[in-house]
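Nothing in this text is a laboratory measurement; each read-out follows from the coordinates by a stated rule. None of these values were measured; they are calculated from a predicted model. Note that each Cβ is placed from the backbone with ideal geometry, even for glycine, and that neighbours are counted across all protein chains shown.
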Amino acid sequence: MNQSNKIKKIILGIDPGIATTGFGVIAVSGQNLKLVDYGCILTKAGEAHSVRLKEIHDQLRGIIEKYQPDAGAVEKLFFASNVKTALTVGEARGVVMLTICQHKIPVYEYTPLQVKQAVSAYGKADKKQVQKMVKLLLNLKDIPKPDDAADALAVAITCANTAN
């Protein structure tokens, strides 16, 4: 079977955050990965926390409706110190998971270690190494910016390489 006959799958990767939630959308056809879109959902500092969470929900809903992904991939939290930050990011992550589930899309979760291993084959890779691999794997001219969007693409690539 040639590549044009293979089923294409759309994966939405998310790097959750309260101020900045990165998203990356890729198309998977066999072993081929192709960039569809990426960017960030931004919320305003100083806004009520509930308003910021609703903004994440509303913008993510629009992204889902636009690209109709077959799978959602969300980075798991890994915080060792700042409890307040972990809680607010956890709430944003919960909104992301709920929004994806409301669209009846399967959600896969990956730790930062799993993402590093899947994208760079090295669990202790630094952020720059992972970003360079995202650029390489998606055959891009430049590393995607900002970092949150590049991280979301790495999560989507992890899903493409590990989920059935």
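If you average the C-alpha positions of segment 104-124 and of segment 63-78 separately, how far apart do those two centres end up, in angstrom?
Cα centroid of segment 104-124 versus Cα centroid of segment 63-78: 13 Å apart.
Counting C-alpha atoms alone, how compact is segment 27-113: give Rg to one decimal and Dmax as a whole number, in angstrom.
Computed over the Cα atoms of segment 27-113, radius of gyration and Dmax are 14.3, 45 Å.
So for segment 6-164, taking the charge dipole from beta-carbon charges (+1 Lys/Arg, -1 Asp/Glu), which of L153, M97, L42 sits furthest toward the positive end?
L153
Quick check for me: using +1 on Lys/Arg Cβ and -1 on Asp/Glu Cβ, what's the dipole size of the chain about its Cα centre, in debye to the nearest 20? It would help to have the intermediate numbers written out before the result.
Working: 21 positive and 15 negative charges, 74 e Å.
Roughly 360 debye, rounded to the nearest 20.
Per the Kirkwood treatment, what hydrodynamic radius in Å, one decimal, follows for the chain from the mean inverse distance over all distinct Cα pairs?
15.8
Which one, G13, T162, Q68, projects farthest toward the positive side of the charge dipole computed for the chain from Cβ point charges (K/R +1, D/E -1)?
Positive-end residue among those listed: T162.
Apply the Debye scattering formula to segment 99-149, with a single equal point scatterer on each alpha-carbon and no solvent, then give log10 I(q)/I(0) at q = 0.23, 0.27 Å⁻¹.
-0.87, -0.98
On C-alpha positions alone, give me the angle between the axis of helix 127-137 and the longest principal axis of the chain, in degrees, nearest 10.
40
Output the 0 to 90 degree angle, nearest 10, between the alpha-carbon long axis of helix 147-162 and the longest principal axis computed from the alpha carbons of the chain.
The answer is roughly 50 degrees.
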